Amino acid sequence: MIVAERKPFEEIKAMIEGCKKVLIVGCGECVSVCMAGGEKEVQILASQLRLAFEEEGKKLEAGETTLERQCDKEYLEEIKDKVDDYDAVISMACGAGVQFLAEMYDSKPVYPALNTQFIGVAEREGEWSERCRACSDCVLAETGGICPVAICPKGLLNGPCGGTNDGKCELSKEKDCAWTLIYNRLDKLGKLDNIRKIFPAKKYSVQTTPGRRIHEAFKEKE
Amino acid sequence: MAKAFKEALESGKFVITAEVGPPKGVDIEEMKHHIELLKDKVDGLNVTDNQSSVMRISTLPVCRLIQEAGGEPILQMTCRDKNRLALQSELLGAYILGITNVLSLTGDYVTVGDHVDAKPVFDLDSVLLLETIKGLEEGKDCAGNELTGEGRPTFCKGAIVTPEANPIEPQLLKFEKKIKAGAEFIQTQAIYDLDNFKKFMEYARQFDVKIMAGIVLLVSAGMAKYMNANVPGIFVPKDLIDEMASAEKGKALAKGIEIAGRMIKTLKDENICDGVHIMAIGKEGKVPDILAAAGLA
Ligand code: SF4
Ligand code: SF4
């Protein structure tokens, strides 16, 4: 899933400076699971903002709603009738959701309440870790299901740097070295030959920016 | 005048290299002094590339200064700051200046240095950089395009290894890839435990590559302990730390020089490896003393 965290309160508050009515829109998918932008977080942000405005002798009407998800037009349309009543919209979705919302309601200022961080997994309750950089050319088949692109900060494809420290990464004693993990996993699988060959330089050309994909079945319609 | 580094490597003599660290700023007097002091005493002078991710004068012009002074530069190249275009154009540029010794490195991560917010590149890695150099020698860039015109560049290609890395197996796997990718010489990370190093050399001897042991000058017992605790892949055994600690007040540096000299002498006399790479970080002026202590001056 996409992992994000909420921006510092002061930063969000500064975005809506001068607004009297804002609509705070949560997202029911990834950011809800990672406790950054779901229904509960919408409630909390709304109360915090109201309170902060009140303390400054101002009044803020903060509307709250949480959509199934914000990366689908179908769900974004649900707020069609509401948006006009507000001075601005705060989206608590990932960066993609914020953009899609802003695109649909392009006459309203739309502000992001989150910093989108990575594609990752839930290690345990309240803790997530990055696992994929969406590089468009997956090498996991060779590396024992451990991603050198996302887990090694240098994205090294041909083995560890000299910084490995007791199996930890040179960046932090808290972080495992991706190449120690890969080596151990492949050793266990009896597949070390996978990484004895030299991996070619990554093809950044396949990471088209901005990326776009059309499913085969839908190509004619486009 | 220093003999060409490649020639020295191929001659089978015990090869000695040292290091020049470009400064952060344009005052190069001290660096020039070090170049003058060392150029005739060693077979090659490595020029570090934004060492420890700290922004400094770039390597190529410093290599040129060494060359003009009559020394033999070894261009260190990390993959941290340049993508494949920049690395290759730098290599071609080095070649036309006659700077042909290249040491391929991955490079420290950006956040260990003084520009923590910079974008880390790591487009290639140390293995792929070696392959890329090999490709240029064969007349092709790393995208497969032909180099134009007459003549092909040739380089003397080097890489590094960390014999004390933990775990060692992934490190050795990469070491073997570096040799496969064309490394002709290897300068190791600092070694202090000669028994461990001998074991590494027993393994490394099976490959057709020259190995130069990394010697980092100890300046105090505290430095040794600090490195053990904080520098990945460096292990100073207790007896050496004790020996450093036993030095009289004000004599620790002399003790460090004595130890470095003794280690070099043993490596050479017992024919353990093919040479040494002396890193006297911040104490480059002491390299001649180390060589004298090793009986090499
Ligand atoms: S190699 Fe890593 S970054 Fe690329 S798609 Fe696979 S998991 Fe994602
Ligand atoms: S220590 Fe391991 S994970 Fe960290 S940068 Fe080096 S190879 Fe990558």
Extending each Cα 7 Å along its Cβ direction at residue B:271 and residue B:140, get the distance between those two points in nm, one decimal.
-> 4.1
Here the relative contact order (percent) of chain A, from C-alpha pairs under 8 Å and at least 6 apart, is 17
Report Rg/Rh for the stretch A:2-118, rounded to two decimals, where Rg is the Cα radius of gyration and Rh the Kirkwood radius.
-> 0.94
Cross-link list A:13/A:108; B:82/B:140; A:7/B:174; B:198/B:286; B:6/B:283; B:198/B:225: which exceed 29 angstrom alpha carbon to alpha carbon?
-> A:7/B:174
Using only Cα atoms, tell me the angle between helix A:39-55 and the longest principal axis of chain A; keep it within 0 to 90° and round to the nearest 10.
-> 50
Can you work out the FRET efficiency for the pair residue B:205 and residue A:188, with r the C-beta to C-beta distance and R0 = 30 Å, to the nearest 0.05?
-> 0.50
Using only alpha carbon positions, build the gyration tensor of the stretch A:135-199, then give the equivalent ellipsoid semi-axes as the square roots of 5 times its eigenvalues, largest first, whole angstrom.
-> 18, 14, 10
Could you please state, rounded to a whole Å, how far the C-alpha centre of the stretch A:128-144 is from the C-alpha centre of the stretch B:244-295?
-> 45
Can you work out the accessible area per residue across the protein assembly as shown, with the rest of the protein chains kept in place, probe 1.4 Å, in square angstrom?
-> 48
If r is the Cβ-Cβ distance from residue A:48 to residue A:108 and R0 is 30 Å, what FRET efficiency results, to the nearest 0.05?
-> 0.90
Residue order for B:85, A:140, B:291, B:194 - accessible surface, 1.4 angstrom probe, largest first | B:85, A:140, B:194, B:291
Between B:74, B:278, B:234, which gets the highest mean-square fluctuation from a Gaussian network model of chain B, Cα cutoff 10 Å?
-> B:234
Take the alpha-carbon centre of the stretch A:1-62, take the same for the stretch B:218-232, and report the distance between them in whole Å.
-> 49
R0 = 51 Å: FRET efficiency of residue A:9 with residue B:85, Cβ-based, nearest 0.05?
-> 0.75
If you keep only loop residues by DSSP, which GluC sites (Glu not before Pro) in the stretch B:98-166 have at most 15 other Cβ atoms within 10 Å of their Cβ?
-> B:138, B:150
Over the heavy atoms of residue A:85, what accessible area does a 1.4 Å probe trace out, to the nearest 10 Å²?
-> 90
Working from Cα positions, state the angle (0 to 90°, nearest 10) between the long axis of helix A:95-104 and the longest principal axis of chain A.
-> 40
Given 0.36 nm per residue, what is the gain on full extension from residue A:74 to residue A:17 after removing their alpha carbon distance, in nm?
-> 17.5 nm
Which residue, B:49, B:81, B:27, tops the fluctuation ranking in a GNM of chain B built on C-alpha contacts under 10 Å?
-> B:27
If one builds a Gaussian network model of chain A from Cα atoms under 10 Å apart, the most fluctuating residue listed among A:64, A:11, A:56 is A:56
With a point put 7 Å past each Cα toward its Cβ, work out how far residue A:59 is from residue B:152 in nm, to one decimal.
-> 8.2
Going from most exposed to least, what order do B:178, B:249, B:225 have by accessible area with a 1.4 Å probe?
-> B:249, B:225, B:178
Please work out the C-alpha center-to-center distance from the stretch B:163-208 to the stretch B:1-73 and express it in whole Å.
-> 24
Note down the accessible area of residue B:205, probe 1.4 Å, to the nearest 10 Å².
-> 110
Provide the solvent-accessible area of residue A:215, counting protein heavy atoms only and rolling a 1.4 Å probe, rounded to the nearest 10 Å².
-> 90
Rg/Rh (Cα only; Kirkwood hydrodynamic radius) as it applies to chain A | 1.08
Hey, can you list the DSSP H helices of chain B whose Cα span along the axis is 15 Å or longer and whose average Kyte-Doolittle score is at least -0.5?
-> B:84-96, B:126-137, B:252-269
In nm, to one decimal, how far is the modelled label at residue A:196 from the one at residue A:85, with both set 7 Å along Cα→Cβ?
-> 6.9
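The values are calculated or read from the model by the stated rules, or taken from the named source; none is laboratory data. Owing to the predicted nature of the structure, the values given are computational and were not obtained by experimental measurement. For neighbour counting, all protein chains shown are included, and Cβ atoms are generated from backbone atoms with ideal geometry for every residue, glycine included. These accessible areas exclude ligands, DNA and RNA; they are computed on the full protein's heavy atoms, side chains included. Shrake-Rupley method; radii C 1.70, N 1.55, O 1.52, S 1.80 Å.
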